[in-house]
Each structure stands twice: as C-alpha cells, then as structure tokens.
Amino acid sequence: MRPPSTDLDAWITFARRQRLAGWAAFLIESLEPLAGVGAQMLYLIEPIVGLERSTTRGLADALEDEDARAALRRQLAEDPPA
C-alpha cells in the first residue's frame, strides 16, 4: 500500500481547519463507487476553476487508487497531530 501524495497534505489541512475532515472521510467512503467519476471531474474543472494543478492532480490520483483512497480516508478520520 502506498501512502497518499504529499500534495494531499494541503487538502487534509484545509479540511481540518474548516472542521470538515470527518465529513470528507465520510463522503470518500460513502461515494466510493463514484470515486473514478469524481477524479475525472477534478481533471475537467481544474483549468476552469484555476485550481493549482499539482494539488488537484494529487487528490484526483488518490481518488482513482483504492489504496491511496483508503489512506486518505484514514488520515482525514484520525486526530490531527499535536
């Protein structure tokens, strides 16, 4: 199992700051069958919305990979480091 990309740290930090980490972990788990579609949507909206490419690609890549998705979900669900 490979760990999620370090580009995902920005997404995890954002979710924790906004107190959305638990919800994000829940959504990733609940919408697992649609993860590939979500990844493709990120690829499509990236240039339109002007999101940073590496961060968006890191999240999209994690959504496409079952092991990375599970690791991301675990990181979002665990308590933030002190």
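The values are calculated or read from the model by the stated rules, or taken from the named source; none is laboratory data. None of these values were measured; they are calculated from a predicted model. A quick note on method: Cβ atoms are made from the backbone with ideal geometry, for glycine too, and the neighbour counts reach across all protein chains shown. Areas reflect the complete protein model, heavy atoms only, side chains present, ligands, DNA and RNA absent. Shrake-Rupley method; radii C 1.70, N 1.55, O 1.52, S 1.80 Å.
Just one of the numbered conditions (1) assigned to a helix (DSSP H, G or I); (2) at pLDDT below 85; (3) surrounded by fewer than 16 Cβ atoms within 10 Å (Cβ to Cβ) is not true of residue 40: (2).
Each residue in segment 12-25 was checked for being of a type outside the set (D, E, K, R) and touching a residue at least 40 places away in the same chain (Cβ under 8 Å), and 6 of them qualify. Just one residue in the set 67, 9 is touching a residue at least 12 places away in the same chain (Cβ under 8 Å), in a helix (DSSP H, G or I) and open to solvent by less than 90 Å² (accessible area, probe 1.4 Å); that residue is 67. Considering only segment 23-37, I want to know if a residue exists there that is among the charged types (D, E, K, R), open to solvent by 50 Å² or more (accessible area, probe 1.4 Å) and touching a Gly at 6+ places or on another chain (Cβ under 9 Å). Among the residues of segment 23-37, not one is among the charged types (D, E, K, R), open to solvent by 50 Å² or more (accessible area, probe 1.4 Å) and touching a Gly at 6+ places or on another chain (Cβ under 9 Å), which makes the answer no.
Contact map, segment 26-48: residues that are within 15 Å of residue 58 (Cβ to Cβ) and charged (D, E, K, R) paired with residues that are assigned to a helix (DSSP H, G or I) and open to solvent by 60 Å² or more (accessible area, probe 1.4 Å), Cβ distance under 7 Å, separation 6+ or inter-chain. Pairs shown: 46/53.
Selection over segment 49-63 of residues that are free of Cβ contacts under 8 Å to residues at least 12 places away in the same chain and either under 17 Å from residue 28 (Cα atoms) or in a helix (DSSP H, G or I) (or both) gives a count of 2.
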